[in-house]
1. Report whether or not Arg115 is surrounded by fewer than 18 Cβ atoms within 10 Å (Cβ to Cβ) and not β-branched (Val, Ile, Thr).
2. Tally up the residues in region 102-112 that are charged (D, E, K, R) and open to solvent by 50 Å² or more (accessible area, probe 1.4 Å), please.
3. Select from region 53-89 the residues that are at pLDDT below 90 and either among the small types (Gly, Ala, Ser) or open to solvent by less than 70 Å² (accessible area, probe 1.4 Å) (or both) and list them in ascending order.
4. Would you be able to tell me the number of residues in region 106-126 that are hydrophobic (A, V, I, L, M, F, W, C) and touching a helix residue (DSSP H, G or I) at 6+ places or on another chain (Cβ under 7 Å)?
5. If you check every pair at least six apart or on different chains, which have Cβ atoms under 6 Å apart with a residue in region 97-113 that is acidic (Asp, Glu) first and a residue that is modelled with pLDDT of 95 or more second?
6. Return yes when Ile41 is in a helix (DSSP H, G or I), of a type outside the set (S, T, N, Q) and at pLDDT 95 or above and no when it is not.
7. Pick out the one residue from Ser14, Ser99, Ser92 that is at pLDDT below 90 and loosely packed, with under 13 Cβ neighbours inside 10 Å.
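The values are calculated or read from the model by the stated rules, or taken from the named source; none is laboratory data. Quick caveat: nothing in here was measured; it's all calculated off a predicted structure. Note that each Cβ is placed from the backbone with ideal geometry, even for glycine, and that neighbours are counted across all protein chains shown. Just the protein is used for accessible areas: all its heavy atoms, side chains included, with ligands, DNA and RNA removed. Shrake-Rupley method; radii C 1.70, N 1.55, O 1.52, S 1.80 Å.
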Amino acid sequence: RTYSVKLMISKKSSLSDKRSEPYLWQAKYFNQLTLDELYNILNLRIQVFMEEQKCFYPETDYCDQKALHLWTTSKTKFILAYARILPPNTFSHGMVNNSAKIGRVVVDKSARGTRLSYFLMEKAISL
């Protein structure tokens, strides 16, 4: 099953506050990603996990091909927040998870402190 959807979280969201704005969310499976989208996703993950957090594990783990990728961008199409959602019964990191798994959760440094991570998780859980 594949789909591409644009979702909105409005100021009426239970997690909203005066600083929040509606975010335009995109959710795509691996085979629906454009090369630019994939590059921007991997770039943000490497920048945060490997460069900032010094977590030197392979960023390409062959789970991306099975996952639903969720993100929102700035007006200039720069990815601000991203999460990867693995479906139930997916083999990941040496084990099979019986339930869906949200991982690779990341917020760009420029968007931290804006509650965007709350909106990201709220949207990821709702999918």
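1. Working: surrounded by fewer than 18 Cβ atoms within 10 Å (Cβ to Cβ): yes; not β-branched (Val, Ile, Thr): yes.
Criteria met by Arg115.
2. Within region 102-112, the subset charged (D, E, K, R) is 104, 108-109, 112.
From what is left, the residues that are open to solvent by 50 Å² or more (accessible area, probe 1.4 Å) are 109, 112.
Of the residues in that region, 2 qualify.
3. Cys55, Glu59, Asp61, Ser74
4. At the first step, the residues of region 106-126 found to be hydrophobic (A, V, I, L, M, F, W, C) are 106-107, 111, 116, 119-121, 124-125.
Among the residues that remain, those that are also touching a helix residue (DSSP H, G or I) at 6+ places or on another chain (Cβ under 7 Å) are: 106-107.
Selection size over region 106-126: 2.
5. Asp108/Leu80
6. Working: in a helix (DSSP H, G or I): yes; of a type outside the set (S, T, N, Q): yes; at pLDDT 95 or above: yes.
Answer is yes for this residue.
7. Values: Ser99 fails: at pLDDT below 90; Ser92 fails: loosely packed, with under 13 Cβ neighbours inside 10 Å.
Matching residue, one of Ser14, Ser99, Ser92: Ser14.
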